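Laboratory data are not the source of any read-out in this text; all were calculated from the coordinates shown. Quantities reported herein were computed from a predicted structural model and do not represent experimental measurements. Note: ideal-geometry Cβ built from the backbone for every residue, glycine included; neighbour counts use all protein chains shown.
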Amino acid sequence: MCSVFSNLTFLPLCLVIFSSSIVQGRPQELPHDCNDARSIIFQDSKAFDRGSQQPLVNPLPEAEPQASTAAPYWLDQQDHTGPARGYAPFLGSDFSYPVYRNAKRYGAVGDGRKDDVAALQNAINHDPNSQTHNRYQNEVSTRPALVFVPGGTYMIKRTLDMRLNTILVGDPNDRPVIKASPDFQGEVLIQGQDFATNGAAGTTNFFTAIKNIVIDTTNISKDKKATALGWGIAQACHLTNIKIVMPDFSSGHTGIDINQGSTIAVSDISIEGGFIGINNNNQQVLFKDISFKRCTTALLQSGGWTAVVQGATIESCSKGVEIPSGGSVGSLVILDSTLINSGSMVKFRDSSRDNGDRNQQIILENIDIAGPNPVAIGDDESVKLSNRKHVDTWIWGNVNPGTYQTGKMLTTQPSPSLLSNGRFFTMRQPTYQEYTKDQVVNVKAVRGHDVKGDGKSDDAPSLNAILAQNAADGKVSYFPYGVYIVKSTLFVPPGTRIVGEAWSVISGIGSFFGDKDNPTPVVMVGKPGQTGVAQIQDIRFTVADITPGAIILQVNMAGSKPGDVGFWNTHVTVGGMADSNVNVACGSPNTAACLAAFAMVHLTSSSSAYIENMWGWTADHSLERGGFQNIATGRGLLVEATKGTWLIGTGFEHNTLYAYNLHNAQNVYAGLQQTETAYWQGEGSQQNAPNPWNANPKYGDPNYSWCAKDSSQACRMGLAQNIDGGSDLYLYGSAFWTFFHGETQARYDSPESRCVGKICITNQARVTGNPKNLYWYGINTKSADVMILDGQDNPSRLNHPGGWPPGGVIAAYLTFQNA
Ligand SMILES: *[C@@H]1O[C@H](CO)[C@@H](O)[C@H](O)[C@H]1NC(C)=O
Ligand SMILES: *[C@@H]1O[C@H](CO)[C@@H](O)[C@H](O)[C@H]1NC(C)=O
């Protein structure tokens, strides 16, 4: 490792004042509106018909919660011991399991002197019902835990280990500090990976989150090896409002070590000091709004295949982003970022003369620089892009149509409706820390409206009444952990703010969601034409049984400003979990027996939503000993929205027709899209796409008519992305993976089912309908022949080799860029 790190070429000595004039080159946000007759799709759906016979809610006016100097934090003030507390319903009849844990009740002191690690670990581990009294080796979905850490400095002398299905939440009004003591034993302060439960497999380390915490390594000598946070974890994992403090320019400390795993978004972190801010070896990931100060290397991109760095600020660091020569990385996008008084923004190995795979392809866009150094350099220190104050768009890599480019300047003109202060709009997950507890309503504690969250009772009528009332009263709706069954649509009206507890579950079941030709939303956010606030966080949406007519989440609403309609750390799952019968009902190798849901998420034409860190997972395996998961969910994310959509770190996996369908969509930003095909599709499958579903033109479904009747089954596997018409689409970092093919019961994980070293899918993505202003950068595929079936030159991996073998990389896809 030392040979890579020892070459500290630039130590920042000069001070450059960062002024607002640095942010340039982009128009400011403009109000943008358009009406669209395509909301007719919604009007055909059953929810509307039923809704018009019997309105889902009375249209009450929308109010705002009242802010104050709020202390203590409302979350800790909820009823965590009485009947309204979080309840884990899949532990038999046991009611004593505590979801909520205040670390101080487990003996943590937080005085900066006492060793608190055992108390904090007990708060995380505690399970009164297991024989070992801890949450080791338990199922992912049955024993959730939210550990609340009040303000204070918590000294630890050894590693604090996270468990699966756990959220560690600090008080946002007084962020607690987890601090290594001077005699700290070991290397990692907080280990996000649950080795005790999940072994070494970072790629299946799901559902782990940390919020509002400071991690401090400054009492460990600066030349000793130390890591603030080990984060070799997977999807549905989340960081927000984290600060990491390390000794300035230390030679031994790393802020976040992502040594493996498959997470999709790492967001809102400030990192100070250290040798390496973040060491990333994740399959694919988006880093959003991370600041680095006084470190040696801000981001060491040491492995993985796709990375997007969005909204980074790198200040007074010797190096910005460095890809070591031996590091892979198909493509790296650095977007909307600022470099102040630091070394180069990016250092990489020039692979342009490599035979075959060409990796380390670089896309820079909207970069501001204050300082004297070259913007990009090679691993031999040669200048690849010289010093300048601003970079619009710069490409080093495969361009289609065209050839490999070594430093091509382009111009990207984002649609103004997507921008804020000249950058793509981003927003931090709300903490609602400005509200006291009287502004928050626990949905299980509303007199006259019985809500159970018990995984059995139909909570829809009561929840609909409560959400309508809370919107009218301007209250935040707190859903303590539970499995809230809904047998009809749950309507989220304008004026809603929903906070879950360690991924509270809202789950559809029943004949209301049974008709695949007339699908109905399980959760419907607003009606077409409505505007207002609907913010949802820490929730999991799912179906409790096979429900072919379920659109699990449908958004119709727009905000009056970006982020008013938003989703953070909120996921959609089908199967694989103890709370759904799909987990045991889909063992047949013929997936016609398991049309589990029509679609995961539908953003309709009238909607405008901000979505950060959402994983749409149709289970490929059971996390709960459910056996084979041969599940046919029809569709992943359907975007028909036109008014502004932000997808910040999303992934959709194992769906039949597509992971993403941008159907006549307009004004869409997507930073990192991660997909996997359904493992049961392809060679040897009993069903060929669109089967076992029908392509439904009402929902803009691709119908696979481009595959000849006698085409191989590899042609009839779900698309990672279908782009059909639309305009102003800005897509950065596509990680489109194909790992398996063939029916799982017979073949799953057998050697012939693995796509190792071979092509398994004919077309990974598709563009049709002449979209206008399609800006698509950093496209990565694995085991696909044609990367984008576009009816133009159909770029294939053979012409764009690179990335995850046998992989393809297109750094810039220009075909419809200025159409
Ligand atoms: C530990 O950190 C505190 C400040 O937070 C400092 O005063 C103290 O000297 C440090 N001790 C060691 C041994 O580094
Ligand atoms: C498939 O969809 C295309 C439009 O994309 C349409 O022209 C064609 O008729 C459809 N084919 C079938 C068999 O439905």
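Under the rule a/c < 1.5 gives rounded, and otherwise a/b versus b/c splits prolate from oblate, where does the chain land using the Cα gyration tensor?
On the way: a/c = 1.40, a/b = 1.06, b/c = 1.32.
Rounded.
With a ≥ b ≥ c taken as the square roots of the eigenvalues of the C-alpha gyration tensor of segment 357-450, please select rounded if a/c is under 1.5 and otherwise prolate if a/b is larger than b/c or oblate if it is not? Please report the intermediate quantities before stating the final value.
Values: a/c = 3.18, a/b = 2.66, b/c = 1.20.
Because a/c hits 1.5 or more and a/b exceeds b/c, segment 357-450 counts as prolate.
How big is the antiparallel share of DSSP beta bridges in the chain, given as a percent to the nearest 5? List each step's numbers first, then the result.
Numbers: 26 of 223 bridges.
If we restrict to bridges inside the chain, about 10 percent are antiparallel.
Using Cα-only point scatterers and the Debye equation, what is log10 of I(q)/I(0) for segment 667-819 at each q in 0.09 Å⁻¹, rounded to two decimals?
-0.27
In whole Hz, with x marking every Gly and Pro, tabulate ³J(HN,Hα) for segment 687-697 from phi via Karplus 6.51 cos²θ - 1.76 cosθ + 1.60, θ = phi - 60°.
Values, residue by residue: 10, 10, 4, x, 5, x, 9, 9, 6, 10, x Hz.
Ignoring everything except DSSP H segments at least 4 long, calculate the 222 nm mean residue ellipticity for the chain; use -39,500 (n - 2.57) per segment, divide by total residues, nearest 500.
Working: 8 runs with 51 residues, N = 819.
One gets -1500 deg cm²/dmol as the mean residue ellipticity at 222 nm.
By the gyration tensor of its Cα atoms, with a ≥ b ≥ c the square roots of the eigenvalues, what is the shape of segment 101-287: rounded for a/c under 1.5, prolate for a/b over b/c, or oblate?
Values: a/c = 1.60, a/b = 1.12, b/c = 1.43.
Oblate is the answer for segment 101-287, as a/c is 1.5 or above yet b/c matches or exceeds a/b.
What aspartates and glutamates does Lys224 reach when the alpha-carbon gap must be under 18 Å and sequence neighbours fewer than 8 apart in one chain are set aside?
Hits, sequence-local ones excluded: Asp183, Glu187, Asp216, Asp248, Asp257, Glu272.
What does the charge dipole of segment 101-287 about its Cα centre add up to, to the nearest 20 debye, if the Cβ of each Lys and Arg holds +1 and the Cβ of each Asp and Glu holds -1? It would help to have the intermediate numbers written out before the result.
Working: 17 positive and 17 negative charges, 65 e Å.
In total the dipole reaches around 320 debye.
If amide hydrogens are placed 1.01 Å from N in the peptide plane, which non-local residues have theirs closer than 5 Å to the one on Gly532?
Those qualifying (amide H under 5 Å, at least 5 residues apart or on another chain) are Ala558, Gly559, Ser560.
Would you grab the residues whose amide H sits under 5 Å from the one on Gln673? Only those 5+ places off in sequence or on another chain, please, with H modelled 1.01 Å from N.
Here Ser734, Ala735 satisfy the definition.
Between the alpha-carbon centers of segment 261-277 and segment 228-255, tell me the distance in whole angstrom.
Result: 5 Å between the Cα centres.
So who's got an amide H within less than 5 Å of the one on Leu814, skipping anything under 5 residues away but keeping other chains? H placed 1.01 Å off N, in plane.
Under 5 Å from the amide H of Leu814 lie the amide H atoms of Asn400, each far enough along the sequence or on another chain.
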